[in-house]
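Structure record follows, encoded as structure tokens.
What follows draws every value from the coordinates through simple rules; no lab data is involved. Keep in mind that what you see is a predicted model, and the values were worked out from it rather than measured. Cβ atoms come from the backbone with ideal geometry, glycine included; neighbour counts cover every protein chain shown.
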Amino acid sequence: MSKILHVSGLGKDYPLPTGKLSVFDGLDFELESGELVAIMGVSGVGKTTLLNLLGLLDSPTEGKILIGEEDLSTRTENQKAQIRNKMVGFIFQFYHLLPEFTSVENVSFPLMIRGIPKHEALTRAQAMLAEVGLQEKEMLRPGQLSGGEQQRVAIARALVSEPKLLLADEPTGNLDWKTGERILELIQTLHHKRELSSVLVTHNENVARFCQKTYLMESGKLILKN
Ligand SMILES: Nc1ncnc2c1ncn2[C@@H]1O[C@H](COP(=O)(O)OP(=O)(O)O)[C@@H](O)[C@H]1O
Ligand SMILES: [Mg+2]
């Protein structure tokens, strides 16, 4: 199997007024193409920091990240932004939808940013919304949707530009148990259907049911649990 992510010797420091905070120092991680893995761990251990580095939203203090064959340490910020737009879909705990816009507009934005004409972007966004079961709600704004529906819109937005890598940061953290289960089922279905490689940060104890591997993040390392 080929690897979509290859991370070695990863270190991340945050500057603090009193010195620096080292979140990890020498973290290694590999994701095979087609794998769906979960990362668990207590609050503050560095899960979001890791996803932001994997998704090229932030740069490591040291170490290497390869996405596919691309060594990102040799890329400019501009090139990294292009790779991110093409390769990575993100889902967040609090959805991060734009409140003034309808579902279909929210989902169409990643395509418009890539220069796809508005009419085509909206048509593709409609099809993607149907795939997450929201064809009836495409003209509603986030404030008119339930939490679970808002997360479905966010999933549609993450996947509409057909990324290879899906990164989800506590996607069920703001939802009741049952709605959370449905969202995990949807992510699992789309993962297989769209042949994604996916990393899911979660506190949901049942997540192992949905994933091939579960890691625990502890003291700046990832420990494989199953
Ligand atoms: N931008 C930042 N500046 C300084 N410290 C940060 C920043 N982001 C996160 N941290 C710190 O890094 C550590 C890991 O945070 P985070 O990755 O958000 O953890 P988790 O997602 O596992 O809860 C925490 O101690 C947090 O306070
Ligand atoms: Mg976090």
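Summary table
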| quantity | calculated |
| --- | --- |
| Contact order normalised by residue count of segment 15-126, Cα under 8 Å, 6+ apart, percent | 14 |
| Residue-by-residue Karplus 3J(HN,Hα) for segment 194-201, coefficients 6.51, -1.76, 1.60, Hz, glycine and proline x | 9, 6, 7, 10, 9, 10, 10, 8 |
| Percent of C-alpha pairs per 10 Å bin, segment 151-217, short to long | 19, 60, 21, 0 |
| Segment 74-156 - Debye-derived log10 I(q)/I(0), Cα point model, q = 0.19, 0.22 Å⁻¹ | -0.82, -1.02 |
| Given charges at beta-carbon only (K, R positive; D, E negative), |dipole| of segment 122-215 in Debye | 180 |
| Long-range HN-HN contacts of GLU218 with modeled amide H, under 5 Å | ILE223 |
| Distance between segment 27-63 and segment 116-189 - C-alpha centres, whole angstrom | 22 |
| Per-peptide average of other Cβ atoms within 10 Å, ordering 213-224, 162-173 highest first | 162-173, 213-224 |
| Potential lengthening between ALA127 and LYS178 on full extension [0.36 nm per residue; Cα-Cα distance subtracted] | 15.8 nm |
| Coarse-grained scattering of segment 12-95 at q = 0.24, 0.26 Å⁻¹, given as base-10 log I(q)/I(0) from a Debye sum over alpha-carbon atoms | -1.48, -1.57 |
| Fluctuation leader among LEU16, LEU186, LEU56 - the chain, Gaussian network, Cα springs under 10 angstrom | LEU16 |
| Length-normalised contact order of segment 109-226 in % [C-alpha pairs under 8 Å, at least 6 apart] | 20 |
| Label-to-label distance, nm, for residues given as LEU98 and LYS20 (7 Å Cα→Cβ offset) | 3.7 |
| Per-q log10 I(q)/I(0), the chain, q = 0.08, 0.15, 0.17 Å⁻¹ (Debye; single scatterer per alpha-carbon; no solvent) | -0.29, -1.01, -1.26 |
| The chain - charge dipole about Cα centre, Lys and Arg +1 at Cβ, Asp and Glu -1, debye rounded to 20 | 180 |
| Separation of the GLN144 and GLU218 label points, Cα + 7 Å toward Cβ, nm | 4.9 |
| CD proxy at 222 nm, helix term only [per DSSP H run n ≥ 4: -39500 (n - 2.57); per residue of the chain; nearest 500] | -10000 deg cm²/dmol |
| Among LEU166, ILE83, TRP177 the positive-end extreme of the charge dipole of segment 60-184 (Cβ point charges) | ILE83 |
| Extension gain, LYS225 back to GLU30 (0.36 nm per residue minus Cα-Cα distance, nm) | 68.7 nm |
